[in-house]
1. Estimate the FRET efficiency between A:Y180 and A:Q206 by the formula 1/(1 + (r/R0)^6), using the beta-carbon distance for r and 41 Å for R0, to the nearest 0.05.
2. Output ³J(HN,Hα) for segment A:200-210: one whole-Hz value per residue in order, computed from phi by the Karplus curve 6.51 cos²θ - 1.76 cosθ + 1.60 with θ = phi - 60°, and x for Gly and Pro.
3. Given Cβ point charges of +1 (Lys, Arg) and -1 (Asp, Glu) and nothing else, what value in debye, to the nearest 20, does the dipole of segment A:149-223 about its Cα centre take?
4. How many nm is it between the label spots at A:L334 and B:S155, if each spot is 7 Å from the Cα in line with the beta carbon?
5. Please compute the average number of Cβ atoms from other chains found within 10 Å of each residue's Cβ in peptide A:349-355.
6. With the dipole of segment A:1-118 worked out from charges on the C-beta (+1 for Lys and Arg, -1 for Asp and Glu) around the Cα centre, which of A:V77, A:I25, A:F91 lies farthest toward the positive end?
7. Starting from 0.36 nm per residue, how many nanometres of slack lie between B:N128 and B:D94 once their C-alpha separation is accounted for?
8. If you stretched the chain out fully between A:N98 and A:Q305, how much longer would it get, using 0.36 nm times the residue separation minus the C-alpha to C-alpha distance?
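The values are calculated or read from the model by the stated rules, or taken from the named source; none is laboratory data. What you see is a predicted model; the values in this text were computed from it and never measured. Positions of Cβ are backbone-derived with ideal geometry, glycine not excepted, and every protein chain shown enters the neighbour counts. Heads up: the accessible areas ignore ligands, DNA and RNA and are worked out on the full protein's heavy atoms, side chains in. Shrake-Rupley method; radii C 1.70, N 1.55, O 1.52, S 1.80 Å.
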Amino acid sequence: MNKSSRTALEYKIILESLIDGLYTIDTNGFVTYINDGALKLLGLRREDIIGKSCTSLCEVNDGKNILAAEFHPVYEVLQTRVSISSDAYSFVTHDKRNIPVFVSISPMIINDRPVGVVCAFRDIAREREIDELKTNFISLASHQLRTPATGVKFYLSMMRDGYAGELAVKQKEFLNQAYYSNERQLGVLNDLLDVAHLESGKYELQTTEIDVNELVEKSISDHQTFIETNNHLVIFNRNPQPIKAQLDCAKIRMVVDNFVSNAIKYTPPGGTITLEVRDSLDTFYISITDTGVGISTEGISKLFQKFSRVDNPLSTKVGGSGLGLYIAKKLVELHNGTIEVHSELGKGTTFTIILPKGG
Amino acid sequence: MKAFVLYGTTSGNAEFLSQFVQSGLEGAGYEVVRKNVKDADVADLMNFDLVVLGSSTWDGPKQEGLSMKEQSAHVQGRLQVDMRAFVEKMDGIDLHQKPVAVFGVGHYSYTYTCNAANLLEEAVKKANGKLIVETFRVTDVPDLSVDAIETWASSIYI
């Protein structure tokens, strides 16, 4: 055995020893190589596959539909020549098993010409199962914790309102501290429940026609006390005409409230908060600009992740679950919208929510 | 003489072969514009003396209970997705007997191999274009057809 063939054998052993599935296809869509891992996961025999079209491996589901061959992600990679990694697909085998997979697909390029792709995949059914258990656990635990916490809120407000008799100044002060701690606790529990609900995939939007100017105006007026306490100047540039949009009013209000309250929290007293609503063909946008502490580039990249708290001089003073922006992003995405961020440290931040009018 | 080569490509084979259609035509003295059909406008067709359309063939998801003919008409052996959209836009236009040539890309192992060529021919006739040369069908790996398609293109006279 010469050196080069020994090397080829070694490569083959490496590929065959993988538990993960791996196959290659050429530009005619034929399977040119498939490893044992892929055959085992898909329940196939090598002789049934080599030289056959990749559609005979399995069907590909993008989470909604079985895809026609031309829309398989392998062809997207051939066209764009950009590798993709995704957990959005599942493979449907000949015996109708639906396997959720994490796939990585890369183009194989020889002399600047794509000659095929290599696709590696692994079964993530177990990860999905664990994730679902985690979501159910958070949901259950939060529910169980919220009920007694709501009870505490009720009795604390009764005492504050004098139902148990006149309170001494010190007693009132302690009671207020207890009340605000309990409010924060409830806020975190509600965020956790929202996340669990959003991640369960059972979240349904209740869309109605709303006027976007009005929605933003209401959010500002509900924060008025908070704004006055901080001595902020709030400017609202409404769209000259009403913008009618099909949205889940409560959910988008949650999103806007989140950005408004963040702007107040992270802007030093005396600062300015500017809100703007603008119409743009099929879409509209709501932007919220503050003259606050700003967010670093690194901070922006983590901003919409779960439990992320951006380090800045105010974040230790300002409470929060680190879930608000994650929830906001998920809710906007459910409406097929996006959120953009521009920020400069020490100068301020602009968040722009872009949403389609059709919902 | 100006020639317009339009290709609809998904895996890159039709695009690869279109380069040799271009070199063949240039060899025959044409001034050639070659474009991916997704970037082209139907109105552009009128600006050229010769139009060459090429597309690969794609199967949609099989539908149970249809005959082979019905499969062909509905879901199997379709035009490449961008060419499909372009041909839909050609509906209702009049090419006034403009010279057109067609090439199809497929592989012999597929049931509806090169059916895209048949569908393009139909679309050209419907739009009152004039097929001036026998359609070129690639039914094997593209590399084996490079010389043949270049020769085919160089033999197109209008």
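1. Values: r = 31 Å, r/R0 = 0.77.
The computed FRET efficiency comes out at 0.85.
2. Couplings: 6, x, 9, 6, 10, 8, 9, 8, 9, 7, 10 Hz.
3. Using only the charged Cβ atoms, the result is roughly 580 debye.
4. Here the answer is 6.4 nm between the modelled labels.
5. Numbers: counts 0, 0, 0, 0, 0, 0, 0.
Per-residue shielding by partner chains comes out at 0.
6. Checked the options; the winner is A:I25.
7. On the way: separation 34, 0.36 × 34 = 12.24 nm, distance 0.56 nm.
Computed gain between B:N128 and B:D94 is 11.7 nm.
8. Contour length minus the Cα-Cα distance gives 71.6 nm.
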